[in-house]
Amino acid sequence: MVQAIPTHGTLQAVDDQELCYLPAVEALELFRRKALSPVDLLRALIRRTEDLEPRINAFTECYFEEALDGAAKAEQRYSRGAARALEGLPIAIKDEPEIRGKRTTQGSLVLQNHVSEENAYVVDRLEQAGALFHARTATPEFCILFQTFSRLWGVTRNPWNLEATPGGSSGGSAASLAAGTSTLASGSDIGGSIRQPASMCGLVGFKPPYGRNPETPPFSLDPFNHQGPLARSVADCALMQNAMSGPHPRDIATVRPKVEIPLDLDTDLRGWRVAYSLDLGYVAVDPEICDATLATLDILRDRGATLEEVTLPWTARMDEAALHYYDFMMGGYIEEMTRGREDLLTDYARDYIARSHRTGSREFLAALTTCSEMYDTFGPLMERNDLFVCPTVTTTRVKADFNYLHDTIEIRGQRIEPELGIAMCHQFNMLSRCPVLAVPSGVASNGVPIGVQLVGRTYDDESVFRAGAALEAARPGFRDAATRPAL
């Protein structure tokens, strides 16, 4: 779905790559100083997209000509001194929140002709802040997988290893950022759909606490569900989060006051107490992911934090409760959206509908009770600590077209539950008021990145960003060409 355009300007290919991986906060500074035009940045991204997109399949649709017109207008606003917070930044929007006048398919053949009448609330905020929407990013059907493939859009691949998944359900957003075809990208997270792809693509992703960012009905009243940002740096993630967040007059669940994350954070963690677990008490995790997590914890120690390994009394019953919740909520939603057109669905979407018929009010109530039991342990733990750290994923050995209905995964010789068992994220959707920042922790032997989750006390967003900045200061990230995907 990529629109080809002629190459313009005199930028060299090497300069294109540097522009394509330019941090958003630095791009804004260059725009303000008239040292870089938003048009030139966008043209570099378009050229890179034309080169790479057929191999990655991160985008479902592109709006290049419209975005170029917006970039020219952004340049004029900078010349007048009237630039807004995200003026001229190209942001890819997941194919889930509505964009006025654009198709919103949620990866489903059922919705392939659905054109949105108004913006989702977070999309509206990004637009009002001056962002340019140059592309839509791929998602599995109805955003219900940790992989990104659908009958409508095909398979999305990880730029670090094209045989591997970039994760899901915000896999298209993550793949685009890792490939350098977007400056920022949006995501949503009901069970890890921001953090898991962020981890598998070497990115930063934020699951805000419930109510921090506005959501449209019916999911505005679902505490598991969160709209949030993905980025290549902690500061860029904070920049986008600041534009998305705050109370909204049409979302009763949004909380006051609006929180602004500083972009220049203190990375001295002296006096901090950090609890950590490598397995949350019950999860099988690949040894190299445990090793990367321990190495990341060493950086926090070097920054002054005191570490304590803790044992959580959680069990696989937490996974069962989460699945009941998803079956009840998402299965029912999918059935209502697709009634009479089930033949157009993927097998995994039909599976959700079937499971919803086996899940009733008792299972739903039990899921909520389990969430409360989990916080009975986690809440007191966080009263004694400033931060909790654990891995984001349990394995990187997940193929791009992995299907939990047919495929299996083993970790440490143990066959794991394939739907939720490849990540350690849904537990913190169950603890929905805790902010969670996913940041890189290393790269696995198959070339796929690894990440950790930084979990904060309820509604203490700044602390997880501060810890993330402390970790980022010790690693080169995407600014070093040697540590980017070899595309």
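The values are calculated or read from the model by the stated rules, or taken from the named source; none is laboratory data. Not measured: the values here are computed from a predicted model. Quick reminder, even Gly has a Cβ in these numbers, built from the backbone with ideal geometry, and neighbours come from all protein chains shown.
Which one is modelled with the lowest pLDDT among residues in the stretch 10-54 that are surrounded by fewer than 13 Cβ atoms within 10 Å (Cβ to Cβ) and not hydrophobic (A, V, I, L, M, F, W, C)?
This residue is T10.
If E472 meets every condition in (1) in contact (Cβ under 8 Å) with a residue 60 or more places away in the chain; (2) surrounded by fewer than 18 Cβ atoms within 10 Å (Cβ to Cβ); (3) among the acidic types (D, E) apart from one, which number is that one?
(2) is the only condition that E472 fails.
Which one of the conditions (1) surrounded by 15 or more Cβ atoms within 10 Å (Cβ to Cβ); (2) modelled with pLDDT of 95 or more; (3) not hydroxyl-bearing (S, T, Y) does R384 fail to meet, given that it meets all the rest?
In the conditions (1) surrounded by 15 or more Cβ atoms within 10 Å (Cβ to Cβ); (2) modelled with pLDDT of 95 or more; (3) not hydroxyl-bearing (S, T, Y), R384 misses (1) alone.
Identify, by number, the condition in (1) in contact with a helix residue (DSSP H, G or I) (Cβ under 7 Å, 6 or more places away or on another chain); (2) in contact (Cβ under 8 Å) with a residue 60 or more places away in the chain that P223 doesn't meet.
Single failed check for P223: (1).
If I ask for residues that are within 13 Å of T137 (Cα to Cα) and either assigned to a loop (DSSP other than H, G, I, E, B) or free of Cβ contacts under 8 Å to residues at least 12 places away in the same chain (or both), which ones from the stretch 148-161 would you list?
Once the filter is applied, which keeps residues that are within 13 Å of T137 (Cα to Cα) and either assigned to a loop (DSSP other than H, G, I, E, B) or free of Cβ contacts under 8 Å to residues at least 12 places away in the same chain (or both), the stretch 148-161 yields T148, L152, W153, T156, R157.
Restricting to the stretch 248-260, what's the tally of residues that are touching a residue at least 24 places away in the same chain (Cβ under 8 Å) and part of a loop (DSSP other than H, G, I, E, B)?
Looking only at that region, the number is 6.
Within the stretch 396-409, is even one residue small (G, A, S) and exposed (fewer than 15 other Cβ atoms within 10 Å of the Cβ)?
no
For the stretch 309-318, which positions are outside any loop (DSSP other than H, G, I, E, B) and buried (at least 19 other Cβ atoms within 10 Å of the Cβ)?
M318
Just to verify a result, which residue in the stretch 441-487, among those that are in a loop (DSSP other than H, G, I, E, B) and among the small types (G, A, S), is nearest to the chain's Cα centre (by Cα)?
For the stretch 441-487, the residue satisfying everything is G456.
Which residues, counting only those in the stretch 385-421, are of a type outside the set (S, T, Y) and under 30 Å from E462 (Cβ atoms)?
Residues satisfying the conditions are N385, D386, L387, F388, V389, C390, P391, V393, L420.
For the stretch 271-320, which positions are touching a residue at least 40 places away in the same chain (Cβ under 8 Å) and of a type in the set (S, T, N, Q)?
Those that are touching a residue at least 40 places away in the same chain (Cβ under 8 Å) and of a type in the set (S, T, N, Q): S277, T293, T296.
I'd like the full set of residues that are of a type in the set (A, V, I, L, M, F, W, C), part of a helix (DSSP H, G or I), more than 24 Å from T104 (Cα to Cα) and touching a residue at least 40 places away in the same chain (Cβ under 8 Å), limited to the stretch 62-89.
Within the stretch 62-89, just A74 meets the criteria.
Among the aliphatic types (A, V, I, L, M) and within 30 Å of R341 (Cβ to Cβ) - does that describe any residue in the stretch 175-188?
yes
Do the conditions hold for P90, that is, is it touching a His at 6+ places or on another chain (Cβ under 7 Å), farther than 19 Å from E215 by Cα and not acidic (D, E)?
Taking the combined requirement at face value, the residue satisfies it.
Across the stretch 165-201, what is the number of residues that are among the hydrophobic types (A, V, I, L, M, F, W, C) and in contact with a Ser or Thr (Cβ under 7 Å, 6 or more places away or on another chain)?
Counting residues in the stretch 165-201 that are among the hydrophobic types (A, V, I, L, M, F, W, C) and in contact with a Ser or Thr (Cβ under 7 Å, 6 or more places away or on another chain) gives 4.
Hey, among Q106, Q128, which residue is surrounded by fewer than 21 Cβ atoms within 10 Å (Cβ to Cβ) and either within 26 Å of G340 (Cα to Cα) or not hydrophobic (A, V, I, L, M, F, W, C) (or both)?
None of the other options fit; the residue is Q128.
Would you be able to tell me the number of residues in the stretch 235-273 that are aliphatic (A, V, I, L, M), under 20 Å from V204 (Cα atoms) and touching a Lys or Arg at 6+ places or on another chain (Cβ under 8 Å)?
Of the residues in the stretch 235-273, 5 are aliphatic (A, V, I, L, M), under 20 Å from V204 (Cα atoms) and touching a Lys or Arg at 6+ places or on another chain (Cβ under 8 Å).
Could you please give the count of residues in the stretch 261-308 that are assigned to a strand (DSSP E or B) and of a type in the set (F, W, Y)?
1
Can you tell me which residue is nearest to G211 (Cα to Cα) among those in the stretch 124-145 that are under 15 Å from the mean Cα position of the chain (by Cα) and not in a loop (DSSP other than H, G, I, E, B)?
C143
Checking G340 against (1) without any contact (Cβ under 8 Å) to a residue 12 or more places away in the chain; (2) assigned to a helix (DSSP H, G or I); (3) closer than 30 Å to V110 by Cβ, which single condition isn't satisfied?
(2)
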